[in-house]
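S.K.: The structure is given below, and queries will be raised subsequently.
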Amino acid sequence: MFPRKPLLNFWLNSAFRGSQMSVFVQKLNPLTGQNDWTMQNEDYDYHQEVARSAFADMLHDTERNQLYEKALKRAIDQMHSLGKKAKVLDIGTGTGLLSMMAARNGADHITACEAFKPMSQCALKIIDLNGFKDKIKVIPKRSTDLTVGEQGDLGERCNILVTEVFDTELIGEGALSTFDHAHKNLLEKECIVIPDNATIFAQVVECPLAQNWNKLKDIYNDDLELLLKVPETIKKCPGSAAVHDIQLSQLPLSSFNTLVPPTPVLKFDWSGKTPFIFKRSTINTVKSLRDGTAQVVFMWWELQMDFLGEHVLSCAPFWAHPKSKGALTTEIPWRDHWMQAIYYLPQEVRVKKDQELHLISCHDEYSLWFNLTTHLKLSPEHYLNPVCECGLHVAFSRTRIGQLNDSKRNKTYVKILEKHVKPDSKILFLSDGFYCGLVASKLGASKLYFLDTNLLSRRVLKDFIKYNNIENAVIVEQAEDLREIDMNGVTIVFGEPYFSSSILPWDNLYFMYLNKSIKKILHNEVKIFPKKCVVKGVAVRFDDLHKIRTPLGTCEGFSMRNFDDLILESSGISDDNVEAQPLWEYPATALCEAATIAEISLDEEVRTLIETEGTFTIECDLRCNGVVLWVEWHLDDTLKTIISTGPTAPIEIGKKIPWDMYTRQGVNLFQEKPSKTLLYGFNFNISDGNISFRVKS
């Protein structure tokens, strides 16, 4: 992210923090590609770590909070009904919320552990603030480091465990080892655990949209002529088993065809009544609902919170959620800490309606993977964790692979190449993984030079070149190496642009710096594509995304003032106020027309400073809680050849914005502003490659 810099006069005062000491920190600037030394608060690393804990939406999740408390009350009452004291252990207490719930529901002894010291110190303050200082003992340790005994952290074993050590994959934060250790070392045999157990659900679907994030496709032109073939090594690669966490409820129902309905495939018993298994596989034999091609598995889980099974928390998407009855409804809790996930089958499987299928579900200590087969006899490879063999799935994110598969984008690039490539054309491509550029060889270009700084991306590029029998392509690893090649004959410089170091939409302006650095070795008449970068923005009201940065105030009746202060201070020191988010997953309503924030020429000498200001005028009754930023890359001088990282349809005030699914947009989140006019300022210091954006009502 970019260091904060003062922008306009009304922000100057906020750029300085009294007399705090500063240090120089080395950071990679994605625009210039250089490691810059920037001045930061002396405790920058500490504040960055605290800010990463963020608010998220965890404590804004009312259903989660209330289900935990109901299960706690039941457990405490159960112990008291048996004539026992309720001795609660809270592992990973965070703010101390669950411990305070236990206290107000009558627990006799409460011990909370939290290994992250800034949070354990914060929990102490919050517990004191809410009047529970004498009832809750906070220990700044991991649960696996706790000792039991007269001189130990715990005087005796506890009989109630409450913890939240789950992620989207359920077990990715080490839940298995945490529960196993607690039962062996910290808990009585006849204890109650909250939650009691968990179930993982799998739904097998045909979903070409999701497969775009996993498997590369051949490139065609508008006449359906094959221009570039994907190597078989890439097509047959099983991909990566890494979880693809996603807000499944935002996938259109029309985008997938369900072949195997939601099926419980793995059960995890946290209660300790059965042994913990750290690696296993299960097989569910099912029948296909219809004809189709099995491509991916949708996954989510549910928690049975109490030992009677009356309180259940489900992370299912709307079509499978017990509260929705198949309809998209606001009754379904929104969560960003526990989303759903997509797992890609190692190979696609053609199935017929009513055909018997074997769904294989596997896990180790931290991760899950799935497979599907029609065979009765399963070979060992059906149980193996898929590993990328082609390099593509290691080199690039799911979002980037989706970009490479975006036929609309590719056809736009092809049209520009078709228009400008001549038989004597020599083309220099400045991008990472721009395989579409190889089409220029088929269009007649005499020489292709690819500057690709990503090692794994270059490996994939070499496979494309070999598989498509392209003999006039040269791969260059560093910009300095171009000086050893005769670039004077290059007639076109072309970029997507895309670079592996990019995070925010405008980070790909690195193309401009690369282009400028090699201009002296190029012919004066060389054509540059794209021509211009246009930064756009719109004021919005997010349905839910703002919760990841919204202060708590109170949570279930407890004051969280200390936590709010901690996060706000650390975020203000270490965070840039613009972050990247895949907004197609996070609905937002447009509150105004899109504004052009800045225009940056890419093929001419540019100013050393671009500074603009303007206003967003809110034109509906909703209050604003964020501004979205994106860029448009103008490939030539017409308005028809634009690659946009923003909306996929014209913005309509008062309606949801459809966003490009293969890029991330820049988001500036803030507490809702009642003002009808928002003043913005944009600053691009071209000499050092730093960009800042601010909004004020």
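The values are calculated or read from the model by the stated rules, or taken from the named source; none is laboratory data. Everything numeric in this text was worked out from a predicted model, so none of it was measured. Heads up, the Cβs are rebuilt from the backbone with ideal geometry, glycines too, and the neighbour counts pull from every protein chain shown.
S.K.: Considering only residues of segment 502-555 that are assigned by TED's automatic domain parsing to the domain that holds LYS676 and part of a helix (DSSP H, G or I), which is farthest from ASN625 (Cα to Cα)?
M.R.: Top of the filtered list is ILE548.
S.K.: Tell me which residues, restricted to segment 477-509, are closer than 17 Å to LEU455 by Cβ and either surrounded by 19 or more Cβ atoms within 10 Å (Cβ to Cβ) or in contact with an Asp or Glu (Cβ under 6 Å, 6 or more places away or on another chain) (or both). Let's see the steps before the verdict.
M.R.: As a first pass, look at segment 477-509 and keep what is closer than 17 Å to LEU455 by Cβ: 477-481, 498-502.
Of everything in segment 477-509, those that are closer than 17 Å to LEU455 by Cβ and either surrounded by 19 or more Cβ atoms within 10 Å (Cβ to Cβ) or in contact with an Asp or Glu (Cβ under 6 Å, 6 or more places away or on another chain) (or both) turn out to be TYR498, PHE499, SER500, SER502.
S.K.: Moving on to the next point. Can you find even one residue in segment 637-651 that is surrounded by 18 or more Cβ atoms within 10 Å (Cβ to Cβ), among the β-branched types (Val, Ile, Thr) and in contact with a Cys (Cβ under 6 Å, 6 or more places away or on another chain)?
M.R.: For segment 637-651, residues surrounded by 18 or more Cβ atoms within 10 Å (Cβ to Cβ), among the β-branched types (Val, Ile, Thr) and in contact with a Cys (Cβ under 6 Å, 6 or more places away or on another chain): absent.
S.K.: Could you name every one of the strands (runs of 3 or more DSSP E) located completely within segment 295-363 that has at least 1 residues being closer than 28 Å to HIS382 by Cα and modelled with pLDDT of 95 or more? Give the derivation first.
M.R.: Values: elements: 312-314, 340-351, 356-363.
Where strands (runs of 3 or more DSSP E) fall fully within segment 295-363 and carry at least 1 residues being closer than 28 Å to HIS382 by Cα and modelled with pLDDT of 95 or more, they are 340-351, 356-363.
S.K.: Report, by residue number, each residue of segment 364-400 that is within 18 Å of GLY172 (Cβ to Cβ) and part of a helix (DSSP H, G or I).
M.R.: If the condition is that a residue be within 18 Å of GLY172 (Cβ to Cβ) and part of a helix (DSSP H, G or I), then ARG398 is the only one that fits.
S.K.: Looking only at segment 108-125, which residues are part of a helix (DSSP H, G or I) and in contact with a Ser or Thr (Cβ under 6 Å, 6 or more places away or on another chain)?
M.R.: Step one: list which residues in segment 108-125 are part of a helix (DSSP H, G or I), which gives 117-125.
Within segment 108-125, ALA123 is the sole residue that qualifies.
S.K.: In segment 191-210, which residue that is among the polar types (S, T, N, Q) and either surrounded by fewer than 20 Cβ atoms within 10 Å (Cβ to Cβ) or touching a Gly at 6+ places or on another chain (Cβ under 8 Å) (or both) is nearest to ASN257 (Cα to Cα)?
M.R.: Restricting to residues being among the polar types (S, T, N, Q) and either surrounded by fewer than 20 Cβ atoms within 10 Å (Cβ to Cβ) or touching a Gly at 6+ places or on another chain (Cβ under 8 Å) (or both), the top hit is THR199.
S.K.: Hey, can you tell me all the residues within segment 447-476 that are in a helix (DSSP H, G or I) and either surrounded by fewer than 19 Cβ atoms within 10 Å (Cβ to Cβ) or not small (Gly, Ala, Ser) (or both)?
M.R.: Residues satisfying the conditions are LEU455, LEU456, ARG458, ARG459, VAL460, LEU461, LYS462, ASP463, PHE464, ILE465, LYS466, TYR467.
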